[in-house]
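A short worksheet on the structure shown next.
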Amino acid sequence: MTERSGQDDERTFAALAPVHGRGFAQTWWGRAWLKALEDAALDAGQLKEGRRLARAGAVGAVAVRPGRVTAVVRDRDGTAHRADVLLQELSEEHWDRFLGMAAERSGHIAALLDREMPPHLVEDAATAGVDLLPGLGDLEAECGCGAWDHCGHTAALCYQVARLLDQDPFVLLLMRGRAERALLDELQVRSAAPEAEEHSAPESPQDGLDAAEAYAAGYILPPLPEPPGLPAEPGLPPSLDTEVPPGPGVDPGALEFLAARTAQEAHRLLAEALGDGHDQQAVAAEPTPDEDAVRLAAGDPEPSVAARLAEGTGRGREGLALAVRAWRYGGAAGLAVLDEEWPVPAEPLARARAALEAAWDDDERPRLRPAHNRWTIVGGSAQLRLGRDGRWWPYRRERGRWAPAGPAAHDPATALASVDTEA
């Protein structure tokens with residue numbers, strides 16, 4: 001329920017009831033508000049405490065005015081603290097741009113009246129140089145508890161404001177500096193002005209531009225900005241510790257691990273894409289489910305996740321450990337050498353025999369027993385495996401199983417030497 005103060009540029013919202021078992025933001029703009037908070041928070045524990053306080057109904061009435069939201073937040077012991085969250089107001093120039101843009105598009109006004117904030121409204125505003133939604137570091141905090149950054153009290157207020165934004169995006173516009181009534185009045189005036197000019201003007205051919213002329217003027221457009229640089233580290237995924245029991249079959253720890261590994265893989269792919277000569281490289285094949293499971297296991301998951309991966313791949317705990325070692329030495333190619341034993345066709349076999357012949361002097365060459373693409377040292381615990389790309393992979397006998405012992409090499413002697421180095 002909303003109560004209006006005597007001033008049109010301030011609104012007060014009664015305290016919301018406690019909420020359980022649901023997120024704080026259901027709309028995309030409400031989630032964008034929370035993202036600005038969570039991306040800038042230095043202490044995940046304060047965010048967790050803020051969610052707990054907000055869910056418990058510890059946030060009192062929320063006062064919203066240009067540049068600031070305020071509420072009293074009570075600790076678990078009942079101690080009250082005044083919490084303020086500040087958001088910079090838009091300048092007069094920015095408001096003029098936004099209102100001019102919105103007045104030209106009747107759909108934007110209709111959406112606002114329906115208490116909606118469609119993405120294209122925000123995108124058109126950004127094109128006009130106006131950022132409506134807060135970004136990283138835009139939400140500043142002040143709290144009576146003395147914290148210098150966001151604390152549990154200001155975080156709780158932000159989570160509560162997200163619920164208010166879901167109901168009414170004019171709350172955000174008020175924080176940016178314009179009350180609902182004043183904003184709608186000005187939009188009405190701006191929308192009426194062009195219509196009046198149109199009715200008063202004499203009939204004339206419709207204005208326009210010849211298509212060939214418009215295409216020829218394309219060089220006038222400014223160049224695209226440089227792409228953003230590679231972040232120093234992968235982003236951190238949000239915590240799934242919401243103090244709400246997960247649904248049946250949902251493992252929050254496994255989901256957090258999967259999100260973290262996805263961020264790391266995205267960072268690696270972006271680094272490769274920004275590297276020199278990337279456009280000349282062949283597109284890598286999509287990993288199979290088994291390859292992707294081994295890749296995830298190589299990220300050192302917690303035991304429960306590792307057990308699920310071992311079961312899902314059918315490799316078992318020891319088999320998955322060998323697969324992880326192979327993956328770390330050579331990715332999908334290394335894993336294929338671990339799993340596949342194949343007869344070598346005549347031409348590659350001739351090249352392999354020539355490489356083995358040239359790798360050692362006669363008095364140093366080890367005795368090798370061939371079997372398909374594998375050459376085992378007679379009387380020893382080492383083995384060379386030929387990959388389909390012609391490289392040699394070293395293996396060592398461990399507890400009755402052949403285990404990867406090093407990265408691949410084009411020279412069989414170099415590959416075999418890594419077995420001794422590892423030993």
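The values are calculated or read from the model by the stated rules, or taken from the named source; none is laboratory data. Keep in mind that this is a model prediction, so the values were computed, not measured. Here the Cβ positions follow ideal geometry from the backbone for every residue, glycine too, while neighbour counts run over all protein chains shown. To get the accessible areas, we keep the full protein, side chains included, count just its heavy atoms, and leave off ligands, DNA and RNA. Shrake-Rupley method; radii C 1.70, N 1.55, O 1.52, S 1.80 Å.
May I ask you to list the residues in region 119-133 that are in a loop (DSSP other than H, G, I, E, B) and surrounded by fewer than 17 Cβ atoms within 10 Å (Cβ to Cβ)?
ALA128, GLY129, ASP131
Please work out if VAL72 is in contact (Cβ under 8 Å) with a residue 24 or more places away in the chain and of a type in the set (Val, Ile, Thr).
no
Return the residues of region 371-394 that are open to solvent by 70 Å² or more (accessible area, probe 1.4 Å) and either in contact with a helix residue (DSSP H, G or I) (Cβ under 9 Å, 6 or more places away or on another chain) or within 13 Å of GLY330 (Cβ to Cβ) (or both); say none if nothing qualifies. Reasoning before the result, please.
Of the residues in region 371-394, the ones open to solvent by 70 Å² or more (accessible area, probe 1.4 Å) are 372, 379, 388-389.
ARG388, ASP389, listed by residue number.
Among the listed residues ALA125, ALA83, identify the single one that is without any contact (Cβ under 8 Å) to a residue 60 or more places away in the chain and under 19 Å from LEU165 (Cβ atoms).
ALA125
Is it fair to say ALA58 is at pLDDT 90 or above and farther than 29 Å from GLU186 by Cα?
It is true that ALA58 is at pLDDT 90 or above and farther than 29 Å from GLU186 by Cα.
Which condition breaks for PRO248 when tested against (1) at pLDDT 80 or above; (2) open to solvent by less than 90 Å² (accessible area, probe 1.4 Å)?
(2)
Would you list the strands (runs of 3 or more DSSP E) that sit entirely within region 357-420 and hold 1 or more residues that are among the aromatic types (Phe, Trp, Tyr) and free of Cβ contacts under 8 Å to residues at least 40 places away in the same chain?
Answer list for region 357-420: 374-377, 392-398, 401-404.
Could you grab the pairs with beta carbons closer than 6 Å, sequence gap of 6+ or different chains, first residue in region 21-35 and open to solvent by 40 Å² or more (accessible area, probe 1.4 Å), second one at pLDDT below 85?
Sorted first by the residue in region 21-35, then by its partner, the pairs are GLY21/VAL244; ARG31/ALA25.
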